[in-house]
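Participant: Got a structure here, written out as structure tokens. Questions coming.
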Amino acid sequence: MTIQVGDTLPPVTLKTMTADGPKPITTDEIFKGKKVVLFAVPGAFTPGCSNTHFPGFVVHADDIKAKGVDTIACVSVNDAFVMGAWGKSQNAEHLLLLADGSAEFTKALGLELDMTAGGLGVRSKRYSMIVDNGVVTQLNVEPSGAGIEVSTADKILEQL
């Protein structure tokens, strides 16, 4: 079942890259008592993600935060090393990059995308959401799962 507006995010431990290496981070640490914009991409370093989707959140980070958002986070079914390198390559050290290496979080949300036919395995659908104290208040899932139409930073700015 896919997560819906009004649902609480499931308790899952993800990873984030730090100066000391990958560090576990729980959904409670990310979302409890905070307003968070979370967006997901099918894969770091892929063309649509790197050239269109991710840069919008980097460029509009100050505008998003000015609307009362504590954290802007990006999650992908990649490891923390890849997410850390991708963040650096995108000049996005001010965003929280979350690695969901085994797709545990993605599957718990019901937002997995089976790309095994293309050799990519299970990935995340592309989406964005606004989460207030762990509760989803806005959810924008791409109809195709991977397109870039409704999950953009511009859409999030309209919803804040």
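Every read-out reported here was derived from the displayed coordinates using simple, explicitly stated rules and does not represent laboratory data. This is a predicted model, so every value here is computed, not measured. No Cβ is skipped: glycine too gets one built from the backbone with ideal geometry, and neighbour counts run over all protein chains shown.
Participant: Filter the GluC sites (Glu not before Pro) in segment 98-160 to those in DSSP coil with at most 16 other Cβ atoms within 10 Å of their Cβ, and list the result.
Facilitator: Numbers: sites: Glu104, Glu112, Glu149, Glu158; in loops: Glu149.
Answer by residue number: Glu149.
Participant: Convert each backbone phi in segment 23-35 into a coupling constant with the Karplus relation 6.51 cos²θ - 1.76 cosθ + 1.60 (shift: θ = phi - 60°), then list the ³J(HN,Hα) values in order as whole Hz, x for Gly and Pro.
Facilitator: Using θ = phi - 60°, the values come out as 10, x, 9, 8, 4, 4, 4, 7, 10, 5, x, 10, 9 Hz.
Participant: Step through the residues of segment 123-136 one at a time and calculate ³J(HN,Hα) from phi using the Karplus curve (6.51 cos²θ - 1.76 cosθ + 1.60, θ = phi - 60°), rounding each to whole Hz and writing x for Gly and Pro.
Facilitator: 10, 9, 5, 7, 7, 9, 8, 10, 10, 10, 6, x, 9, 6
Participant: Follow-up. Exceeding 25 Å between C-alpha atoms, which entries from my cross-link table qualify? They are Lys15/Lys35; Lys67/Lys107; Lys125/Lys155. Mind dumping the intermediate values first?
Facilitator: On the way: Lys15/Lys35 20 Å; Lys67/Lys107 30 Å; Lys125/Lys155 17 Å.
The pairs that break the limit, which is 25 Å between Cα atoms, are Lys67/Lys107.
Participant: Between Lys34 and Ala117, what FRET efficiency follows from the Cβ-Cβ distance if R0 is 41 Å, with the result rounded to 0.05?
Facilitator: So the FRET efficiency works out to roughly 0.60.
Participant: Can you tell me the dipole magnitude for the chain around its Cα centre, using point charges on the Cβ only (Lys, Arg +1; Asp, Glu -1), in Debye to the nearest 20?
Facilitator: Rounded to the nearest 20 debye, it is 80 debye.
Participant: On the first, second and third principal axes, largest extent first, how far apart are the outermost C-alpha atoms of the chain in Å?
Facilitator: 39, 36, 30
Participant: For every helix of n ≥ 4 consecutive DSSP H residues, a contribution of -39,500 (n - 2.57) applies; sum these over the chain, divide by its total residues, and give [θ] at 222 nm rounded to the nearest 500 deg cm²/dmol.
Facilitator: Estimated from H runs of four or more residues: -6000 deg cm²/dmol.
Participant: Which of the trypsin sites (Lys or Arg not before Pro) found in segment 72-126 are in a DSSP loop and have at most 15 neighbouring Cβ atoms, other than their own, within 10 Å? Write down the numbers at each step before the final one.
Facilitator: Details: sites: Lys88, Lys107, Arg123, Lys125, Arg126; in loops: Lys125, Arg126.
Passing both the DSSP loop test and the Cβ count: no residue.
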